[in-house]
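Here is the structure we will look at.
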Amino acid sequence: MGRILAIDFGLKRTGLAVTDELQMIASGLTTVATVDLMQYLKDYFEEEKVDLTLVGYPTQKDGTPSDIEGNIQEFLKVFAEEFPHMPVQREDERYTSKMAFQTMIDSGLKKKKRRNKELLDEISATIILQQYLYRQ
């Protein structure tokens, strides 16, 4: 069995999280500059067996897509061209940034470390992945 990779896509940075090979535990992987994302994914897929890629689906409180959804659709087109055999699913990412920030507070991170946007994106990707695993 391969891993599941979760992507919290952003215009500047993209958070990534991954499961173990048994697809039971979600862990933060890294945060990548979005301009470098496709190369990072190519390298990662060469090193690791990945069965599924989850991409966050950002929505407003009323359920309508967020403004960044157009950028995500463009990313998904390029992703499908680069990795035609990789299954992709979308996962609701509503409130994951708030949950990630609260996680940082609850874990006792100092204020200075909580300002780290890269860590916030990685934790958000992990929450997206955990939500998917809980439903399975």
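Here are the numbers:
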read-out	value
Candidate set from region 20-48 (those that are within 24 Å of GLN73 (Cα to Cα) and of a type in the set (S, T, N, Q)); member that is surrounded by the fewest Cβ atoms within 10 Å (Cβ to Cβ)	GLN39
Of residues in region 87-112 being among the basic types (Lys, Arg) and in contact with a strand residue (DSSP E or B) (Cβ under 8 Å, 6 or more places away or on another chain), the one modelled with the lowest pLDDT	ARG94
Region 18-58, residues that are among the aliphatic types (A, V, I, L, M), in contact (Cβ under 8 Å) with a residue 40 or more places away in the chain and more than 15 Å from GLN136 (Cβ to Cβ)	VAL18, LEU29, MET38, LEU41, VAL50, VAL55
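The values are calculated or read from the model by the stated rules, or taken from the named source; none is laboratory data. Here the structure is a predicted model, which means the values were calculated and not measured. Glycine gets a Cβ as well: all are built from the backbone with ideal geometry, and neighbour counts include every protein chain shown.
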